[in-house]
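The values are calculated or read from the model by the stated rules, or taken from the named source; none is laboratory data. Treat the numbers as computed from the prediction; the structure is a model and nothing was measured. No Cβ is skipped: glycine too gets one built from the backbone with ideal geometry, and neighbour counts run over all protein chains shown. Just the protein is used for accessible areas: all its heavy atoms, side chains included, with ligands, DNA and RNA removed. Shrake-Rupley method; radii C 1.70, N 1.55, O 1.52, S 1.80 Å.
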Amino acid sequence: MRLRPSLGLARQPLDLPDGSTLCVSLDAARLQAALGLRPAWEERLLANVPAMGLCLLLLVAVLVSFDQWGAPKLASAAMPLLPPSVDRGLGRMVEDSLEAEWRPSQVPSDRQQRLVARFESVMKRLPPMDPAPKLRFAREAQFDSAEGGFNALTLPNGTVVLLDGLVAQFSDEELMAVLGHELGHLRHRHALRGTLRSIGLGSVAGAVLGDFSSVAANLVFLLRSSAHSRDDEREADADAREFLRQAGLPAATLVSTWQQFKKQELAQGSRASLLDGFASHPSTEERLRRAQAWAAEEEAPLQALPAAPR
């Protein structure tokens, strides 16, 4: 016979020699004394704090290693096997769930038409995309008409949403930088990639940790998936630079764009902290520095040109 840890159950499981299990209304100590049984190895391990700590470290190391190398490779291998219809279906689900949070945009119709025309003009110079992107203006229901939400987002079905608060504060050129970034997410299928990574890591975390520590499994997932998200954001930033080139705009446009975001953060009282390393996006300072470096690269050849003869 073998005693198993009760794990908070009302009855104590007792494995019998024939393979069956008997659950009795006695605690483990009384059963051990009555039957002369040793505590189960799991129970002895739980009572050994150093051994428990070592096991936790090993389990977390396994999960982090898989998420660092295994999950990205599995996601990259699986993505070509999934047709664009998967992205469209996923995007429709997300868009339907967000409809209750959105209201009709109050951006003037002439500006909407101007932005759509400019956006579509640049798209004609880029390789076609499936799903094809479409621009939508909206206002978040929780904000009044003066704000409307300071954000932009891309759905896997190709819908690129500009919220009123962002449109109100950004110039048309800066909005082109934002749209280029959002198209990067769509082109690289970041939403699908993140979903596959989540499924892979969640499955492995459940298999490795089981019911032992769902909190530990979720913690590792949150920390590691945020790092992947930051990599996706950097990739989309690089796409924004190329989009601006096709639009005939300098990389300095990205500099002013991130300066606008920085002003918004300061207005909201945001500050850098140790938690920035776990944020889903790179810090605005990092993105601003990268944009400034790109702008400097573009200006360098111009400065090297000889002066025109008089």
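Before moving on, here are some points about what is shown:
- Cα→Cβ-extended label distance, 7 Å offset, between Glu99 and Gln292, nm: 4.6 nm
- Spin-label pair Ala61-Arg111: with each label point 7 Å from Cα along the Cα-Cβ axis, the two points sit 5.6 nm from one another.
- Taken one residue at a time, the phi angles of region 118-131 give Karplus couplings (6.51, -1.76, 1.60, θ = phi - 60°) of 5, 4, 5, 4, 5, 4, 5, 8, 10, x, x, 10, 9, x Hz. Gly and Pro are set to x.
- Secondary structure note: in region 94-182, about 55% of the DSSP beta bridges are antiparallel.
- Normalised by 2.2 N^0.38 Å, where N is the number of residues, the alpha-carbon radius of gyration of region 103-194 equals 1.06.
- Rounded percent of accessible protein surface that carbon and sulfur make up, region 50-167, 1.4 Å probe: 61 percent
- Under 14 Å, Cβ to Cβ, from Val86 - net charge with Lys/Arg +1 and Asp/Glu -1: +2
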